[in-house]
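Reviewing the structure listed below.
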Amino acid sequence: MKRLVLACALGLGLSGCVLQQPSTPVGQLPPVQQPSHPRYAPPPGVKSHWNPGLGVYVVEGARDLYYRERIFYRWDGGWSWSSQAGGPWKETDSSGIPPGLFRQYQHR
């Protein structure tokens, strides 16, 4: 801080430097936005798009088929998973389903 003030005083004159206080109190910062781009690699062999609200790739041309971290997830009245888009499918409970995806189907 002292270096900034000194640099401003020497290089620009005191009128060239303005130190601003944050306009929002620290306890009231806005929520962090979830990135709109995925941090996971897309699924191999299928067309898909990233859905930031669900936190998964949505497989295009397939109903209720999703992908994240080398696992495909399918909703068909219950959850199942597979390492391939075409199965074979293994039934599972919701404990391993990505949270955003689980919330989407929670009340179905």
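Mind giving me the nanometre distance, one decimal, between the label points for residue 93 and residue 64, set 7 Å out from Cα along Cα→Cβ?
2.0 nm
When the expected Rg is taken as 2.2 N^0.38 Å, what fraction or multiple of it is the alpha-carbon Rg of region 48-106?
0.98
Full-extension gain between residue 76 and residue 103, please, as 0.36 nm times their residue separation minus the C-alpha to C-alpha distance.
Gain on stretching residue 76 to residue 103: 8.2 nm.
Could you please report the charge total around residue 57, scoring K, R as +1 and D, E as -1 over all other residues with beta-carbon less than 14 angstrom from its beta-carbon?
Here the count lands on +2.
Cβ neighbours within 10 Å, averaged per peptide: list 62-75, 84-97 in order, most packed at the top.
62-75, 84-97
Could you tell me which of 40, 55, 98 has its Cα farthest along the dipole of region 32-100 towards the positive end, charges placed at Cβ (Lys, Arg +1; Asp, Glu -1), taken about the Cα centre?
The residue sitting farthest along the positive end of the dipole is 40.
With an 8 Å cut-off on Cα pairs and a minimum separation of 6 or more residues, tell me the relative contact order of region 48-106 in percent.
25 percent
No lab work stands behind these numbers, since they all come straight from the coordinates. Please read all numbers here as calculations on a predicted model, not as lab measurements. Backbone-built Cβ (ideal geometry, glycine too); neighbour counts: all protein chains shown.
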